[in-house]
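What follows is calculated from the coordinates using simple rules that are stated; it is not laboratory data. Predicted, not measured: the structure shown is a model, and the values here were computed from it. Cβ sites come from the backbone with ideal geometry, for glycine too, and all protein chains shown count toward neighbours.
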Amino acid sequence: MRRKYLVIGLGRFGSAVMKELHQAGHHVVGCDKNEALLEAVEAYAEYVVQGNATDDAVLDELNVEVFHSIVVAMATEFESSLVIVAKLKKRGCKHVVVKSNDHFRGEILSEIVGADSVVYPEEESGRRTARQLSMPGLMEYIQLSPYCSGIELKAPASFLHRSLMDLDLRKKFGVTVLLINREHMQKPIVSPAPSEMFQPGDTLFVVGEPRDVDRFQEHYTS
């Protein structure tokens, strides 16, 4: 289902969010004070609005109430983020995600102002880099929620020509193989069958509780 998203603040983080949402097939609208930043994302946007989103007139022009989610990506402008999030929630916006550089400000944005979710891109990037350096087989680590994480990794040599049923990863580690990317196949194998056999060049995406995912990755990427 195509959804409608608004991204306020179009620096590197905000523009990357816009691009990914556009490539996923969603409707995306961008807002920033900087004309050059707006021009840089026009290819990904349904439309863009130039203006300061702390102004009610700009929020009216954006018609903010219609969006499924709104991303406020202005971590270096904390006071502006506070005002924007507060106004969006007062207008009844369904889901507001805000970028923050530290947890102290993040707690203010979520617990006092009412942001539905706070993201810390620099912190997450640092963790991801450390994991990739310390575990060479690991391609990607994603914290989906406090209770669920996922990793993408190359199929270990011990997986090759064996089935999911034979490996029994759920019983051994409490994790689930959500999909397999196979070389020369355009689409991933989503929810692979227990009889699916791993082949050379496969990569897999595994999800589970963070502690279970950690046990799994330490066993197979150390």
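Worth pointing out:
- The set of residues in region 74-130 that are polar (S, T, N, Q) and out of contact with any Phe, Trp or Tyr (no Cβ under 9 Å at 6 or more places or on another chain) comprises Thr76, Ser80, Ser81, Ser110, Ser117, Ser125, Thr129.
- Residue match in region 84-107 (condition: over 24 Å from Arg3 (Cα atoms) and aliphatic (A, V, I, L, M)): no
- Residues of region 188-222 classified as aromatic (Phe, Trp, Tyr) and either surrounded by fewer than 17 Cβ atoms within 10 Å (Cβ to Cβ) or in a helix (DSSP H, G or I) (or both), total: 2
- The residue that is nearest to Glu122 (Cα to Cα), counting only those in region 1-58 that are small (Gly, Ala, Ser) and part of a loop (DSSP other than H, G, I, E, B), is Gly11.
- Scanning region 165-187 for residues that are of a type outside the set (S, T, N, Q) and surrounded by 15 or more Cβ atoms within 10 Å (Cβ to Cβ) gives Leu167, Leu169, Phe173, Val175, Val177, Leu178, Leu179, Ile180, Arg182.
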